[in-house]
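Visitor: Sharing a structure, written as structure tokens. Questions coming.
The values are calculated or read from the model by the stated rules, or taken from the named source; none is laboratory data. What you see is a predicted model; the values in this text were computed from it and never measured. Because the Cβ atoms are built from the backbone with ideal geometry, glycine has one as well, and the counts that use them run over all protein chains shown.
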Amino acid sequence: MRTTLNIDDDVLERLKEMASNSKKPFKQVVNEALSVGIGHLEQPVSKPYSLQPASLGEPWPGINIRKALSLSDELENEAVLTRLELRK
């Protein structure tokens with residue numbers, strides 16, 4: 001499709017240089033640049049993920065944190081049993 005655009009002088013020079021260096025037609029370089037630019041604009045800008053650490057405190061007396069997974073399994077089993085008993 002034919003259309004008229006006003007392109008800033010510095011952008012025009014860069015496009016002409018790119019066309020010359022790549023030995024591609026000017027029209028193709030402009031279309032490729034517009035496609036890349038549109039794709040970039042459509043993607044949301046993501047912010048870097050950051051997490052503020054929080055202390056969970058000291059472990060309770062009598063709890064061995066090395067056995068945390070087995071403790072977690074026991075607590076989960078107890079919770080499941082409680083839910084099953086409430087269904088009766």
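Visitor: Which is more than 31 Å from the chain's Cα centre (by Cα) and modelled with pLDDT of 85 or more, of Leu71, Leu34, Leu12?
Guide: Sole residue among the options that is more than 31 Å from the chain's Cα centre (by Cα) and modelled with pLDDT of 85 or more: Leu12.
Visitor: A further question follows. With the condition kept exactly as written, say whether any residue in region 25-47 is touching a Phe, Trp or Tyr at 6+ places or on another chain (Cβ under 9 Å) and among the aliphatic types (A, V, I, L, M). Quick ask: steps written out before the conclusion?
Guide: Start the filter on region 25-47 by keeping residues that are touching a Phe, Trp or Tyr at 6+ places or on another chain (Cβ under 9 Å), which leaves none.
No, every residue in region 25-47 fails to be touching a Phe, Trp or Tyr at 6+ places or on another chain (Cβ under 9 Å) and among the aliphatic types (A, V, I, L, M).
Visitor: Still on this structure: Residues of region 37-57 being modelled with pLDDT of 85 or more, under 24 Å from the mean Cα position of the chain (by Cα) and of a type in the set (S, T, N, Q), which ones?
Guide: Ser50, Gln52
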